[in-house]
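Below you'll find the structure, written out as structure tokens, and then a few comments.
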Amino acid sequence: MTVIEARGLRKAFGKTIALDGVDLRVEEGRILGLIGPNGAGKTTALDAVLGLIPYEGNLKVLGRDPWKERDLLMRDVCFIADVAVLPRWIKVSEAVDYVAGVHPRFDRAKAEVFLAKTTIRHTSKVRELSKGMVAQLHLALVMAIDARLLVLDEPTLGLDILYRKQFYDSLLNDYFDRTRTIVVTTHQVEEVQHVLTDLMFINRGRIVLNCSMEEFETRYAEVTVRPEQLAAARALKPIHERQALGRSVLLFDRVDRQKLAALGEVRTPGIADLFVAVMGNNPGNPAGQAQGAAQ
Amino acid sequence: MNTPSNAVPESFTDAKVTPPVTRATRPFYSSVKRELWEYRSIYLAPLAIAGVILLGNLFVLGAVPRALRNASLDPALQREALARPYHFAAALIMGVAFIVSIFYSLDALYGERRDRSILFWKSLPVSDLTTVLAKATIPLLVLPVVAFAITVVTQSIMLLLSSLVVLASGLSVTTLWTQIAVYRSSMMLLYHLVTVHMLWYAPIYAWLLLISAWARRAPFLWAVLPPLAIGIFERIVFHSSHFAALMHYRIGGGREAVDSMQGNSPLDPHMHLTPGAFLATPGLWIGLICAALFLIAAARLRRHRGPI
């Protein structure tokens, strides 16, 4: 079942075009990472999916029009938009009570179990919690909701590495079960690499790369080329070249691994390296426009 | 998944936790409760002023037996002397509740955008209209009820203390109790709260809520300055003051329609109430229609507005 389907999604704020004809399809049970530089249109895309802003073009989330049927949609969709949106005055116990009061799919016992694993006290107010604890509380509330789509916009921004790791571990171990779908945006791309099933790069309101992680691993290869073979390697048209510890590291798209092995040490690139390669290239570059199937 | 064996206990526990509230009204009920958590001044401010009144009252208790002993006093004057602190207490508590209503309404839809918590509230399945109506319930219903309850309790404590002082000085409490007429003045207070604070002022609260949903900054100025500007503009250009009169008519509380004795305390037990005339006032219904339109507009605005 398709959870998100967008065709020709457009959104302009005055003269600024935030989304410029985005086509997108997310199937059930996927964890999609939406990666892009600041101002690329990530948050706008998520806002449209969540029915927070009107848009042009076709968009269906769980078969509904998010702008027109937002109130119904929110029973099946959860989101953490940015960190620190929990009101600072609310007590932990009040936050649990409120969500239990308004959400028909909230399982209070589950939330209590998640909270029991943390050091958060029920009598504390959000303003007394550390940033990491606020994120834990928000995640505990969200994970106790039996939603079909979870949208996370920079959920770990400003958290230290321990909290960040714990955040994604809980998400994978206690929440994700192959029938739910997660869409996440983040700048900490290295940390989500093992979490994602799908990857999407967005830049200037357009999708510049869209592939599954399996495809990502077979398609892209990074080679630390031995100096004497640099010319031969460059002949294979790498999409990016960088220097690391005095060696040239070349990134290839759809080049036979056997051939590459002869040039030096081959490995799967990090998302960050591919991101730099794709964003650094001219948008007209074939690699930049490469479109893989999402599924 | 929904086998009867697990569906039954689920609905059973639900019914046990919140018996009077059905599924459909639960988000509304929870949203009103949420407002009370956030704006504790809704009950703390009237309670605080009630405490001050009771404390101050302790110092003037001695005057009560004197007023009762003074037989030469005209009964009407005697009543006035005895009842004045009670009217004063009611007026103060209502006044504080009204001030809280104004500041609450101006902040209700503005504060959540300023502290970005609107993104959290919007992540839950509560419609914008439900949220706006829950917020409107505070000045329209909760604060008048709170003001009424606190006033009645405060006046009862005052009467109890006065009665003790009167008994201690060897007088009968009968005169005191007939002159104060707590029950009747409570009913007058209730009438005043329902007619003026709930119904007549409804468009004022709704206007403030609308501005708080719309303003990007300084909602107080946006709520007050445009009507003032219109009034001044009319004065300069047309040398008339219809708009100012309209504002005065609304803020003045529509007393001419509510009861027969303008200028007196609305709690005077001998006042003649005119609910029929009040209900027949076009100003009441025009005001309520404006209030409904403002609230719908506020809900629509909230739909489009993100954090600021």
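Quick notes on this one:
- Checklist (1) of a type outside the set (Val, Ile, Thr); (2) surrounded by fewer than 18 Cβ atoms within 10 Å (Cβ to Cβ); (3) within 7 Å of chain B (Cβ to nearest Cβ); (4) assigned to a helix (DSSP H, G or I) applied to A:Arg88, failing item: (4)
- Within segment B:155-193, being surrounded by 15 or more Cβ atoms within 10 Å (Cβ to Cβ), farther than 19 Å from B:Phe88 by Cβ and of a type in the set (Val, Ile, Thr) holds for B:Val166, B:Val173, B:Thr175.
- Just one residue in the set A:Val77, A:Val61, A:Val85 is under 26 Å from B:Ser30 (Cα atoms), β-branched (Val, Ile, Thr) and in contact with a helix residue (DSSP H, G or I) (Cβ under 6 Å, 6 or more places away or on another chain); that residue is A:Val85.
Okay, residues lined up against (1) over 19 Å from B:Ser30 (Cβ atoms); (2) within 25 Å of the chain's Cα centre (by Cα):
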site: B:Ser101; (1), (2): yes, yes
site: B:Thr137; (1), (2): no, yes
site: B:Val142; (1), (2): no, yes
site: B:Thr154; (1), (2): yes, yes
site: B:Trp177; (1), (2): yes, no
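- Taken over segment B:158-205, the residue count meeting the criterion of being free of Cβ contacts under 8 Å to residues at least 40 places away in the same chain and not in a helix (DSSP H, G or I) is 3.
- A:Arg70 meets the conditions (1) more than 10 Å from chain B (Cβ to nearest Cβ); (2) closer than 19 Å to B:Pro307 by Cα in every case but one. The failed one is (1).
- Residues of segment A:229-249 that are under 17 Å from A:Ile271 (Cβ atoms) and assigned to a strand (DSSP E or B): A:His240, A:Arg242, A:Ala244, A:Val249.
Residue by residue, here is whether (1) under 13 Å from A:Leu209 (Cβ atoms); (2) hydrophobic (A, V, I, L, M, F, W, C); (3) at pLDDT below 90 holds:
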position: A:Gln243; (1), (2), (3): no, no, yes
position: A:Gly246; (1), (2), (3): no, no, yes
position: A:Phe252; (1), (2), (3): no, yes, no
position: A:Asp256; (1), (2), (3): no, no, yes
position: A:Lys259; (1), (2), (3): no, no, yes
position: A:Pro269; (1), (2), (3): yes, no, no
position: A:Leu274; (1), (2), (3): yes, yes, no
position: A:Ala277; (1), (2), (3): yes, yes, yes
position: A:Asn281; (1), (2), (3): yes, no, yes
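- Each residue in segment A:1-36 was checked for being surrounded by 16 or more Cβ atoms within 10 Å (Cβ to Cβ), of a type in the set (Lys, Arg) and in a loop (DSSP other than H, G, I, E, B), and 1 of them qualify.
- Residue among A:Ala140, A:Ala147, A:Ala84 that alone is at pLDDT below 90 and in the same structural domain as A:Ile53 (by TED's automatic domain parsing): A:Ala84
- Selection status of B:Ser127, of a type outside the set (D, E, K, R) and touching a Phe, Trp or Tyr at 6+ places or on another chain (Cβ under 7 Å): no
- Meets criteria (within 15 Å of the chain's Cα centre (by Cα), within 19 Å of B:Arg116 (Cα to Cα), within 12 Å of another protein chain (Cβ to nearest Cβ) and not hydroxyl-bearing (Ser, Thr, Tyr)) for A:Ala81: yes
- Residue within segment A:93-104 that is at the interface with chain B (Cβ under 10 Å from one of its Cβ atoms) and more than 22 Å from B:Glu38 (Cα to Cα) present: yes
- Taken as a whole, the structure leaves B:Leu199 outside the set of residues that are at pLDDT 90 or above, out of contact with any Gly (no Cβ under 8 Å at 6 or more places or on another chain) and under 30 Å from B:Arg300 (Cα atoms).
- Hits in segment B:120-154 (condition: facing chain A (nearest Cβ under 10 Å), surrounded by fewer than 24 Cβ atoms within 10 Å (Cβ to Cβ) and assigned to a helix (DSSP H, G or I)): B:Trp121, B:Asp128, B:Leu129, B:Thr130
The values are calculated or read from the model by the stated rules, or taken from the named source; none is laboratory data. Quantities reported herein were computed from a predicted structural model and do not represent experimental measurements. Note: ideal-geometry Cβ built from the backbone for every residue, glycine included; neighbour counts use all protein chains shown.
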